[in-house]
Amino acid sequence: MGNEFFSFCEFGLSWFMENSTPIITAQKLSKTYGSLKAVNAINFEILPGTCYGFLGPNGAGKTTVMRMIYCVTPLTSGRLTVNGENVMENMSAVKRGIGVVTQDDSLDYDLNVINNLLVYARYYDLTREQAVRRADELIEFFQLEEKRGENVRTLSGGMKRRLQIARALINKPSILILDEPSTGLDPQARHHVWSKCHELIEQGVTLLLTTHYMDEAEQLCDKIAVMDRGHIITEASPWDLIKSEVSPYVVEIRGDEAARNKILKAVVDQIDFHEALSDRLLLYTADAIPLHAHIQDMDIPVKTLLSRRSSLEDVFLKLTGRELID
Amino acid sequence: MRNKAPRVRVRAALRVWQRNATVYKRTWKLNILPNFFEPFLYLLGMGLGLGAYITEMEGMPYINFIAPGLLISSIMWGATLETTYNVFVKMNFDRIYDGILSTPINPKDLALGELFWGATRGTIYGSAFLSILFLFGMGLHWGILLIFPMIFIIGFMFATIGLLFTSMIKEIELFNYFFTLFLTPLFLFSGIFFPLSQLPQAVQIIAWFTPLYHGVELSRGIFNQVWGVELLGHFAWIIGLTLLNTLVVLRAIHKRLYN
């Protein structure tokens, strides 16, 4: 009896350990190109089965971090382990456990849809039967049945992205890397990609993505690292970031500068803080409705006056003093 | 931070070869036809046309003199076209390598796979050429069997030369220099059309350092069944350059694609 109980505990413990041991660990990870420090001594840990996002403007170092993880770029210094393997020592083993969707479409345009999957399966040494079975599953999962024998050129942007994700999953990786998965897609295609991502997380795949879209990070990520100029400025869940860095609501005002300044002067003691940008004024507050009404009552002519929930973009602005979209 | 560049793996290289073969299989009928026309035109134009004026060269009909060398030059064009333009496009425009390198295939595996494929394309060119020579009644003896492994090896040698150049350049236009300033002189001055013994000694010495010359001499020896120790010398030269160049080019591609 005692023995059984003990082994039960052990099982519980090992389950717990397995799920709390990071699948990716970076310590003082750095990458230098000439005099440019693309990634500057960053640390992070990613837990299995979660979605971790790198958020930041172009040039922040997000893609370089991804490239070091999937072993196409060597580290300049630091240490990076993926699935327990050091990326500088065992490239092939690391890559075997990762699926990659690169930012620029790297599909094989010399092959049709099904052959893109089958040829890719060979790189992982899958047998022909395994490859065919897996490719069929993926084509169904990503709803590409009708395009099975078609040339990749005939696919829409959304379909190409789905095929790229399907291809990345051919070897059932434990980690899926998505470098800006929805850039350039129309809203419908974006939502389709996101819903597939949610399904994958449910299946236990660890998702790692870079994005400069706030809504994408909010939709998908359990944890976000905000990157700027090679550094991680902060790391938390999307909601915690919004809660801790900005107030829950924003009142946004567009109009000429004099009018904006006048409003700011009048309400400055009713708000938590503000950001005065070149073209608009952002007022952060815990409760937008009375503030909004108050400004309306002032009867100062402005171009637009709107209230909204705070977003990660506001967090980024607050942290760096710069707008994210560049 | 230095890391051990992973060792090249033949199995992984063959995956890359297979990818190219899959693509080629789709269009091979269209692709292969010119490989037959080309020797035909050369033999008609140079062998019979020019041959009407030059009736004999080193004791044989002119067409028989040039055919073994032209065979080797066709391998050269086939293998180098593959590892120059085609590799450059896959590497820089079509992003095929971005896709391949995010799988367990590493840059050195990829490079070796492209070399195998370049050698394969050279072999396809060479075999088509050879079949036309057989039609013209040339090389119909048992000794000719030796030419088959030579075709592949010489194809491999030229694949390494093309890939080495590709690993060094960033602009596709630079291939013009490779073809006009390197391959064309090789084509003209490697003893295909006239014996080098007629040229000044300095030219002969330069020729000895160039790859096509040894291929041409080897091929002519096999075709005319002149078995001598010089053939072994040419063979050793080719193997030596191929091995050396393979080591250099694998490192160069690793450096280019892993940075």
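The values are calculated or read from the model by the stated rules, or taken from the named source; none is laboratory data. Everything numeric in this text was worked out from a predicted model, so none of it was measured. All Cβ positions, even for glycine, are placed from backbone atoms using ideal geometry, and neighbour counts span all protein chains on display. Calculation scope for accessible area: heavy atoms of the full protein, side chains included, ligands and nucleic acids excluded. Shrake-Rupley method; radii C 1.70, N 1.55, O 1.52, S 1.80 Å.
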Row for the range B:10-257, column shape: gyration tensor on C-alpha, a ≥ b ≥ c, rounded if a/c < 1.5 i.e. under 1.5, prolate if a/b over b/c, else oblate; value prolate
Surpassing 26 Å at the alpha-carbon level, of the pairs A:28/B:255; A:62/B:255; A:172/B:255; A:62/A:318; A:95/A:318, are A:172/B:255; A:95/A:318
Diffing the range B:209-214: the Karplus 3J(HN,Hα) column from phi (6.51, -1.76, 1.60, θ = phi - 60°), in whole Hz with x for Gly and Pro, holds 8, 9, x, 5, 3, 5
Within chain B, excluding any chymotrypsin sites (Phe, Trp or Tyr not before Pro) found in a DSSP loop (not H, G, I, E or B) and having at most 10 other Cβ atoms within 10 Å, the longest uninterrupted segment runs B:54-208
Any residue on another chain or 5+ positions along whose placed amide H is under 5 Å from the amide H of residue A:224 is listed here as A:53, A:236, A:237
For the pair B and A, the solvent-accessible area buried on both sides (1.4 Å probe; DNA, RNA and ligands excluded), in Å² to the nearest hundred, is 2800 Å²
Label model pair residue B:26, residue A:266: point-to-point distance (7 angstrom along the Cα→beta-carbon line) in nm is 6.5 nm
Counting only DSSP beta bridges with both partners in the protein assembly as shown, the antiparallel fraction in percent, to the nearest 5, comes to 70 percent
Note, the range B:232-238: 3J(HN,Hα) by Karplus (6.51, -1.76, 1.60, θ = phi - 60°), whole Hz, Gly/Pro = x, goes 4, x, 4, 4, 4, 4, 5
Note to self: with every protein chain in place and a 1.4 Å probe, the protein assembly as shown gives an accessible area per residue in Å² of 46 Å²
Expected output for the range A:114-139, residues with a loss of 50 Å² or more in accessible area relative to the chain alone at probe 1.4 Å, reads A:122, A:123, A:125
Computed D for chain A, Stokes-Einstein, Kirkwood radius over alpha-carbon pairs, 25 °C, 0.890 mPa s, to the nearest µm² per second, is 111 µm²/s
Given the candidates A:116, A:141, A:236, the one whose Cα lies deepest towards the positive end of the charge dipole of chain A, counting +1 at each Lys or Arg C-beta and -1 at each Asp or Glu C-beta, is A:116
The set of residues whose placed amide H lies less than 5 Å from the amide H of residue A:47, leaving out same-chain residues fewer than 5 positions away, is A:23
Inter-chain shielding metric for A:86-93, i.e. average beta-carbon neighbours from other chains within 10 angstrom, reads 4
With all protein chains present, the range B:1-127 has a carbon and sulfur share of its accessible area (1.4 Å probe) in percent of 62 percent
Filtering GluC sites (Glu not before Pro) in the range A:229-326 by DSSP loop and by at most 15 other Cβ atoms within 10 Å leaves A:323
For the protein assembly as shown, the Cα gyration tensor yields equivalent-ellipsoid semi-axes (√(5λ), largest first, whole Å) of 62, 27, 22
Row for the range A:106-185, column shape: gyration tensor on C-alpha, a ≥ b ≥ c, rounded if a/c < 1.5 i.e. under 1.5, prolate if a/b over b/c, else oblate; value oblate
Here the residues of the range A:23-46 lying in the modelled label zone of residue A:77, meaning backbone nitrogen under 12 Å from a point 7 Å along Cα-to-Cβ, are A:28-32, A:40-42
HN-Hα couplings for the range A:79-92 via Karplus (6.51, -1.76, 1.60; θ = phi - 60°), in whole Hz with x for Gly/Pro, come out as 9, 9, 10, 10, 6, x, 9, 6, 5, 8, 10, 9, 3, 5
Looks like the range A:37-88, by Cα gyration tensor root eigenvalues a ≥ b ≥ c and the a/c under 1.5 rounded cutoff (else prolate when a/b is bigger than b/c, oblate otherwise), is oblate
The answer for residue B:57, listing residues at least 5 apart or on another chain whose modeled amide H is closer than 5 Å to its amide H, is B:62
The alpha-carbon center of the range A:29-94 and that of the range A:242-280 are separated, in whole Å, by 37 Å
Ordered by number, the residues of the range B:61-96 with at least 20 Å² less accessible area in the assembly than alone (1.4 Å probe) are B:94, B:95, B:96
Among GluC sites (Glu not before Pro) in the range A:84-140, those in a DSSP loop whose Cβ has at most 12 other Cβ atoms within 10 Å are A:89
